[in-house]
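Quick notes on the structure that follows.
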Amino acid sequence: MPSPSPLPAPRRRKQAASFEDQFHCSLGRLVHETARLDFLVGLQLNWLGQHCNVSVARYLDPTKCSLAMRLAKLHSLVKRAFKPAGPAALNEFGAWFEQAGAARALRNNYAHGRWGVPVRLDEDPRGPEFPRIQMLAFVALDWDMTPNQPDRSVYMSLESFQQQVADAVKVFNSYFKLSEKHLPHVGVPGRRS
């Protein structure tokens with residue numbers, strides 16, 4: 001017999017739907033913002049390719065090139081074009097590309113993995129007098145069917161997941177601020193630095 005719930009059934013269903021809706025909205029935001037980043041990376045590749053007199057056509061074919069490949073090519077062009085800005089600027093760009101790669105990998109992992117929404121209730125860290133927290137469970141995509149495997153689920157609160165999404169989106173959106181900051185130092189095309 002199921003344990004009694006402190007909430008009436010219709011209210012529990014409404015809360016569960018709201019929790020799922022919030023989760024789906026956040027996962028959709030991560031996917032959407034990554035697609036936006038991919039488009040903007042392509043625009044930057046097109047601009048810097050022309051600026052540096054480098055063909056980038058193969059990187060702008062979405063059927064033959066991944067975002068990871070576009071980011072790597074953009075990083076090489078940024079290093080070339082922004083070299084006159086100096087080592088500190090190149091280090092800032094390097095840190096951004098590292099963070100963007102991690103955020104892209106997070107999106108891939110989360111978009112292709114399996115989710116339990118919600119999967120369990122955990123005690124609130126503030127104490128038992130607070131309502132229990134609904135938890136998400138995430139398992140990365142794989143097909144290992146070996147028997148008796150340990151549970152590889154990663155458990156997190158919706159708030160923790162939403163913070164990861166917000167952090168990824170913040171990284172994605174910070175490229176242009178960084179680019180604008182160092183744009184006055186961009187080398188002149190054809191001139192060796």
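Observations, loosely collected:
- Protection proxy ranking, peptides 167-173, 19-25, average beta carbon neighbours within 10 Å, highest first: 167-173, 19-25
- The chain, relative contact order in percent, only Cα pairs under 8 angstrom and at least six apart counted: 26 percent
- If only the Cβ of Lys and Arg carry +1 and only the Cβ of Asp and Glu carry -1, the dipole of the chain around its Cα centre is close to 800 debye.
- Additional length obtainable on full extension of the chain from V154 to N173, 0.36 nm per residue less Cα span: 4.1 nm
- Solvent-accessible area, 1.4 Å probe, carbon plus sulfur percent, for the chain: 56 percent
- When its C-alpha radius of gyration is set against 2.2 N^0.38 Å (N residues), the stretch 104-143 gives a value of 1.53.
- On Cα atoms only, tilt of 158-182 relative to the major axis of the chain in degrees: 10 degrees
- The stretch 54-121, Cα convex hull volume normalised per residue, Å³: 92 Å³
- Solvent-accessible area per residue for the chain (1.4 angstrom probe, square angstrom): 63 Å²
- Residue-normalised convex hull volume from the C-alpha trace of the chain: 179 Å³ per residue.
- Additional length obtainable on full extension of the chain from R114 to A88, 0.36 nm per residue less Cα span: 5.3 nm
- Cα-Cα separations in the stretch 89-193 greater than 22 Å, expressed as whole percent: 54 percent
- Space enclosed by the convex hull of the alpha-carbon atoms of the stretch 25-89, per residue, Å³: 90 Å³
The values are calculated or read from the model by the stated rules, or taken from the named source; none is laboratory data. Quick caveat, the model's predicted, so the values are computed rather than measured. Cβ: placed from backbone, ideal geometry, glycine included. Neighbour counts: every protein chain shown. Ligands, DNA and RNA are stripped out before the accessible areas are found, and what is left, the full protein with its side chains, is counted by its heavy atoms. Shrake-Rupley method; radii C 1.70, N 1.55, O 1.52, S 1.80 Å.
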